[in-house]
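Visitor: Here it is, the structure, as structure tokens.
The values are calculated or read from the model by the stated rules, or taken from the named source; none is laboratory data. Bear in mind that the values here come from a model prediction, so they are computed numbers and not experimental data. Ideal geometry is used to build each Cβ from the backbone, glycine not excepted, and the neighbour counts take in all protein chains shown. Side chains are part of the model used for accessible areas, which takes the heavy atoms of the whole protein and leaves out ligands, DNA and RNA. Shrake-Rupley method; radii C 1.70, N 1.55, O 1.52, S 1.80 Å.
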Amino acid sequence: DLEAEEVKNMNIKHLSYVVEICRCGSINKAAQNLYISQSSLSGSVKSLEEELHYQLFRRKNSGIELTEEGKLFLESAKKILAEAEKIYRVPEQFSSQRNLSVCCTYSTLLMQSFILFKKSHPAPGVQDAFKETGLIQTIRDAIAQRYRLCIFYCFQSRREYHARYAARYNMVVEPLCEGIPAVAQLSRQNPLSSRRDIRLEDLPTRRLVTYENFEYEDWLGMLGIPASANVLYIFDRGGLLDAVRKDNYMAVVMYDPQQQRELSDCVTLPITGFSDTLDVCLMRSKSYTLNAREKKFVQFCKKRFQTAHEI
């Protein structure tokens, strides 16, 4: 019935409101992002709390914070919103689609693999999609099925964690390439570039730049760099490279021989005292069967990674 549908739609909207408020940490900022008035957003939250019979937010002079009930609500709201988005994307999840739909973590080798594959396997009239971003957003895009294939790298000791997380959303994780070293990337103008290596214990004392869209536990935490360290956070690959090349920052990255060949003004140094390595993995919906081009693309990427790293 129409009235019930309107209530249901309002409930979904309420969920997105709460998620946005938590993301912004402010009702005022969330209202701006949602293009509604602050009073309207506050009223919607109040109505939701009345319907739920418990409080989501605790109002403080410094802003707002989630109640214990609110924290549980937020966890469920995110899952529901992700599932709702997947419902609208059902038609995109069939192998009858001929296009490539790929999101991946920052990698010159992956980007160039995509371009080379399109040249060697043309598909006239087919519109492919490719997005390069951080680990957090890559996994979110895959779970929400904004992209059918997610290719990401993570430290080997964190792979099982991501596999378990993916399984909660009916996703599977498959390795494409394993055992790739993490290296320090520096400009040749950096005084440290003449060294043979960088010691793990010295990293917290260096001018470091890293990608913003990675969980602390997935990158800096693995390297023993305190969360309080003075680190420059960058959102895109070009910005990170500019910080390294033009301002003598050091970045810890997955070794990428393709990028290294192109960056004659940079060097990569091994990190001593660090035994963990990186794996490149494919994440996809467990119920999805790759189309013919996707199967070829995955094998193409797998071969290029293994050849590049002589595995």
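Visitor: Which condition does Cys266 not pass, out of (1) closer than 20 Å to His162 by Cβ; (2) surrounded by 13 or more Cβ atoms within 10 Å (Cβ to Cβ), if it passes all the others?
Guide: (1)
Visitor: Write out, first by first residue and then by second, each pair whose Cβ atoms fall under 8 Å of each other, whose residues are 6+ apart or on separate chains, and whose first residue, in the range 136-151, is closer than 17 Å to Phe114 by Cβ and among the aliphatic types (A, V, I, L, M) while the second is in a loop (DSSP other than H, G, I, E, B) and open to solvent by 20 Å² or more (accessible area, probe 1.4 Å).
Guide: Within 8 Å, the pairs are Leu149/Leu290.
Visitor: Okay, moving on. Out of the residues in the range 233-257 that are surrounded by fewer than 17 Cβ atoms within 10 Å (Cβ to Cβ) and over 14 Å from Leu186 (Cβ atoms), state the one that is farthest from the chain's Cα centre (by Cα).
Guide: Only one residue fits best here, namely Pro257.
Visitor: Are there any pairs with C-beta distances below 6 angstrom linking a residue in the range 216-241 that is over 13 Å from Pro204 (Cα atoms) and of a type outside the set (A, V, I, L, M) to a residue that is assigned to a loop (DSSP other than H, G, I, E, B) and open to solvent by 60 Å² or more (accessible area, probe 1.4 Å), with the two at least 6 apart or on different chains, and if so which?
Guide: Between residues of the range 216-241 that are over 13 Å from Pro204 (Cα atoms) and of a type outside the set (A, V, I, L, M) and residues that are assigned to a loop (DSSP other than H, G, I, E, B) and open to solvent by 60 Å² or more (accessible area, probe 1.4 Å), the close pairs are Tyr216/Ala227; Tyr233/Glu212; Phe235/Glu212.
Visitor: Restricting attention to the range 17-47, report how many residues are without any contact (Cβ under 8 Å) to a residue 12 or more places away in the chain and either of a type in the set (Val, Ile, Thr) or touching a strand residue (DSSP E or B) at 6+ places or on another chain (Cβ under 9 Å) (or both).
Guide: Final tally of qualifying residues: 1.
Visitor: Sticking with this structure for a sec: Got a sec? Which of Ala166, Ala229, Ala182 is among the small types (Gly, Ala, Ser) and under 28 Å from Ser287 (Cβ atoms)?
Guide: Ala166
Visitor: One residue is enough: does the range 155-171 have a residue meeting the conditions modelled with pLDDT of 95 or more, among the hydrophobic types (A, V, I, L, M, F, W, C) and either in a loop (DSSP other than H, G, I, E, B) or open to solvent by less than 10 Å² (accessible area, probe 1.4 Å) (or both)?
Guide: There is at least one residue in the range 155-171 that is modelled with pLDDT of 95 or more, among the hydrophobic types (A, V, I, L, M, F, W, C) and either in a loop (DSSP other than H, G, I, E, B) or open to solvent by less than 10 Å² (accessible area, probe 1.4 Å) (or both).
Visitor: Can you pull out the residues in the range 116-140 that are of a type in the set (A, V, I, L, M) and either surrounded by 14 or more Cβ atoms within 10 Å (Cβ to Cβ) or touching a strand residue (DSSP E or B) at 6+ places or on another chain (Cβ under 9 Å) (or both)? Before the answer, list the steps.
Guide: Here is the first cut: in the range 116-140, the ones of a type in the set (A, V, I, L, M) are 116, 123, 126, 129, 135-136, 139.
Of everything in the range 116-140, those that are of a type in the set (A, V, I, L, M) and either surrounded by 14 or more Cβ atoms within 10 Å (Cβ to Cβ) or touching a strand residue (DSSP E or B) at 6+ places or on another chain (Cβ under 9 Å) (or both) turn out to be Ala129, Leu135, Ile136, Ile139.
Visitor: While we're here: Within the range 13-101, considering only helices (runs of 4 or more DSSP H) that don't extend past its boundaries, which have at least 3 residues that are open to solvent by 60 Å² or more (accessible area, probe 1.4 Å), modelled with pLDDT under 80 and farther than 30 Å from Asn291 by Cβ? Walk me through how you get there before you give the answer.
Guide: Working: elements: 27-34, 38-52, 68-88.
Result: empty, no element qualifies.
Visitor: Related question: Can we say Leu203 is in a helix (DSSP H, G or I) and surrounded by 16 or more Cβ atoms within 10 Å (Cβ to Cβ)? Reasoning before the result, please.
Guide: On the way: in a helix (DSSP H, G or I): yes; surrounded by 16 or more Cβ atoms within 10 Å (Cβ to Cβ): yes.
The answer is yes for Leu203.
Visitor: In the range 131-160, how many are under 14 Å from Glu178 (Cβ atoms) and acidic (Asp, Glu)?
Guide: Of the residues in the range 131-160, 1 are under 14 Å from Glu178 (Cβ atoms) and acidic (Asp, Glu).
Visitor: Restricting to the range 269-311, name every residue that is under 23 Å from the mean Cα position of the chain (by Cα), open to solvent by 10 Å² or more (accessible area, probe 1.4 Å) and within 30 Å of Asp202 (Cα to Cα).
Guide: Asp276, Thr277
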